[in-house]
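Structure, as structure tokens:
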Amino acid sequence: MPKKSTPTWASDVVSHESAFLQYTRAEAANRPIRERIRDFQEFHEVQPVTVLQQQAARCMDCGISFCHAGMTVDGTSIGCPLSNLIPEINDLVYRGMYAEAYERLRRTNPFPEFTGRICPALCEGSCTLGEHEPPVTIKDIEHFLDEYAQEHDLLLPHPPQARTGRRVAVVGSGPSGLACAHQLNQLGESVTVFERADRPGGLLMYGVPTMKLDKGVILSRIAILEAEGIDFELKAEVGKAVALRELFDNFDAVVLCCGSAIARRLEVPGANLKGVAYAIGYLTNATRRQLDEAYSGPELLDAKGKDVVIVGGGDTGNDCLATAIRQRCRSVVQFQHNPAPPLTRAADNPWPLWPKVLKTDYGQLEAIEVFGKDPREFETSVKEVSGDENGNVVAVKTARYQMQWQGSKRIKSEVPGSELTRPADLILVAMGFERPQGALIEALELETDDRGNVKTPTGGYSTSLNSVFACGDMRRGQSLVVWALMEGRECADEVHGFLNKHNLA
Ligand SMILES: Cc1cc2nc3c(=O)[nH]c(=O)nc-3n(C[C@H](O)[C@H](O)[C@H](O)COP(=O)(O)OP(=O)(O)OC[C@H]3O[C@@H](n4cnc5c(N)ncnc54)[C@H](O)[C@@H]3O)c2cc1C
Ligand code: SF4
């Protein structure tokens with residue numbers, strides 16, 4: 001049990017009930033841009049407790065709070081998928097009862113150290129205060145609680161009291177695999193996680209850049225999971241290094257958490273030239289260079305001194321942008337084929353839905369500071385890539401497009417005279433992911449849905465093969481860490497129920 005805190009109310013907060021009138025939203029600071037682009041250290045800082053207490057006090061403790069609803073309506077999220085007990089946590093933080101607040105957070109969120117750093121905070125989009133005022137800084141509070149827990153030794157292994165004697169194999173150690181393994185282990189199942197990479201974490205390790213999530217944070221959590229009794233087998237690709245027969249002979253159930261790794265391809269003339277790279281290869285290479293002193297990687301994947309073109313305007317494109325700036329690129333531009341979202345909510349995107357508004361992310365802010373202009377060009381696509389006599393990329397031809405309605409169809413048409421040829425040495429394709437890799441799915445002859453993801457019943461995680469389950473991006477398609485954690489947790493409960501029902505022991 002954590003030590004009990006003595007309540008210490010924020011001295012200058014008039015009252016919890018009216019703090020939202022007294023204080024406006026104050027976000028945690030980021031390290032200054034000119035300083036942070038010199039390294040790959042995390043840039044997001046933790047707020048002083050006095051500010052955090054005021055911010056937590058802004059929570060109105062609504063009767064019906066949407067911030068923890070965890071629903072999806074018409075494909076758009078409402079609230080935290082993990083259903084974190086946000087008003088209760090905010091109240092405990094306001095009272096200065098940080099250890100208790102961390103414990104409350106831990107009840108629903110297996111890994112606050114990941115979400116406190118990189119969750120887009122779906123909760124804040126549905127905060128009631130956000131209907132008229134800027135929402136409560138829920139994610140910053142979560143980040144603080146994780147730091148508090150680290151500093152006060154609250155992040156301790158909690159091994160299960162008893163074991164069921166059953167064994168479950170979890171394939172893949174991304175956030176869904178880790179959450180599933182954690183929950184199964186807490187329920188007394190003996191879990192082995194098989195991971196094909198040399199380090200655990202999935203996209204948390206090789207994908208999300210270090211300046212957003214320090215890799216030591218992941219490894220510290222893995223050490224706790226190991227101390228709780230979970231086995232990790234690295235460089236253990238199931239279907240290759242680990243035979244499928246071995247899994248079925250030695251485990252009572254198998255959970256597939258292999259992610260959605262097939263990237264959407266750039267299909268234009270010249271897309272195979274040297275210097276056209278895919279975001280994950282580029283980001284993985286950058287992380288490896290930071291982690292392994294001896295590793296230098298292909299020079300092709302270093303942005304130093306290069307004119308960099310990023311194709312894709314999403315979060316992955318932004319991570320590539322920030323990485324290229326840290327590698328000292330000569331110039332960088334980011335193309336997005338969609339129009340810029342509105343600055344405020346559109347009429348068909350009301351609160352409490354996740355707000356689809358223009359966001360200028362950390363990498364874009366860095367580019368504005370370094371190069372003096374926003375790197376994004378909306379409604380712009382690459383038409384062709386051209387190279388020199390050695391097959392190296394030297395330029396891209398782009399054009400602007402407009403979407404127009406023709407009857408009930410939206411047609412994309414090129415804006416006449418908008419074609420431009422621009423210098424390019426490195427083109428990073430960050431156009432999203434289509435589906436999971438096929439080898440394991442085919443070997444197990446699993447049914448897939450119309451998008452190529454592993455098919456499971458609505459609201460369930462069982463696959464078409466008895467005792468095989470799937471969760472995370474491999475099941476729902478490319479998504480977010482918080483959804484992966486939620487799926488991992490729910491899937492584990494289903495596997496545990498399945499094993500109990502079939503009395504497998
Ligand atoms: C560049 C980038 C940045 C992102 N940033 C954010 C962010 O800031 N916030 C956010 O919420 N989300 C972010 N995401 C999305 C998020 O990372 C994913 O939604 C999440 O990691 C999915 O988790 P997962 O466990 O389903 O799969 P993954 O994280 O993809 O993990 C799958 C794991 O399975 C392993 N594997 C696959 N096949 C096998 C096999 N046959 N045998 C053994 N192991 C296997 C893989 O090596 C991998 O480690 C980002 C994604 C990318 C690409
Ligand atoms: S996990 Fe994400 S959505 Fe849930 S409370 Fe934390 S920041 Fe909000």
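When Rg and the Kirkwood Rh are both derived from Cα coordinates, the Rg/Rh ratio for the chain amounts to 0.97.
Compute the relative contact order of region 307-455 as a whole-number percentage, counting only Cα pairs closer than 8 Å that sit 6 or more residues apart in sequence. Each step should come with its number before you reach the end.
Numbers: 257 pairs, mean separation 36.9, N = 149.
Over region 307-455, the number comes to 25 percent.
Sorting the Cα pairs of region 19-151 by distance into bins of 10 Å, from 0 upward, gives 13, 44, 33, 10, 0 percent per bin. From most to least packed by mean Cβ count within 10 Å, the peptides 418-426, 265-273 give 418-426, 265-273. Taking amide H positions as modeled 1.01 Å from N, with prolines and chain starts lacking one, the residues under 5 Å from residue 383 and 5 or more places away or on another chain are 397, 398, 399. Summarising the amide proton neighbourhood of residue 242: residues at separation of 5 or more, or on other chains, whose placed amide H is nearer than 5 Å comprise 237. When the charge dipole of region 19-151 is built from unit charges on Cβ atoms (+1 for Lys and Arg, -1 for Asp and Glu) and taken about the Cα centre, the candidate among 128, 56, 143 whose Cα reaches farthest toward its positive end is 143.
Over all other residues within a Cβ to Cβ distance under 12 Å of residue 275, the charged ones net out to -3, with Lys and Arg as +1 and Asp and Glu as -1. Shape summary: region 265-431 maps onto an equivalent ellipsoid whose semi-axes, from the alpha-carbon gyration tensor, are 29, 21, 14 Å in decreasing order.
Suppose we keep just the DSSP beta bridges with both residues in region 265-431; what percent of those would be antiparallel, to 5?
Around 50 percent antiparallel, to the nearest 5.
Mean sequence separation of contacting Cα pairs (under 8 Å, at least six apart), scaled by the length of the chain, corresponds to a relative contact order of 16 percent.
The dipole here belongs to region 265-431: it is taken about the Cα centre, uses +1 on the Cβ of Lys and Arg and -1 on the Cβ of Asp and Glu, and is about 400 debye.
Within the chain, DSSP assigns beta bridges of which about 45% are antiparallel (rounded to the nearest 5). The string of couplings for region 179-188 from the Karplus curve (6.51, -1.76, 1.60, θ = phi - 60°) is 5, 5, 4, 4, 5, 4, 5, 4, 7, x Hz, one whole number per residue in order, with x for Gly and Pro.
Each part reduced to its alpha carbon centroid, region 328-355 and region 471-501 end up 30 Å apart. Taking 24 Å as the straight-line reach from the Cα of residue 373, the lysines in range (excluding those fewer than 8 positions away in the same chain) are 212, 304, 306, 356, 359, 383, 397.
Mind putting a number on the dipole of region 19-151 about its Cα centre? Charges go on the C-beta only, +1 for Lys and Arg and -1 for Asp and Glu, and I need it in Debye to the nearest 20.
160 debye
Roughly how big is the chain's charge dipole about its Cα centre, with Cβ charges of +1 (Lys, Arg) and -1 (Asp, Glu), in debye to the nearest 20?
680 debye
Over all other residues within a Cβ to Cβ distance under 12 Å of residue 244, the charged ones net out to -3, with Lys and Arg as +1 and Asp and Glu as -1.
List the GluC sites (Glu not before Pro) within region 333-389 that DSSP assigns to loop and that have no more than 13 neighbouring Cβ atoms inside 10 Å. Kindly include the intermediate steps, with their values, before the conclusion.
Details: sites: 366, 369, 377, 379, 384, 389; in loops: 379, 389.
Taking region 333-389 and a limit of 13 other Cβ atoms within 10 Å, the loop GluC sites (Glu not before Pro) found are 389.
Every read-out reported here was derived from the displayed coordinates using simple, explicitly stated rules and does not represent laboratory data. Keep in mind that this is a model prediction, so the values were computed, not measured. Here the Cβ is made from the backbone with ideal geometry for all residues, glycine too, and neighbour counts use every protein chain on show.
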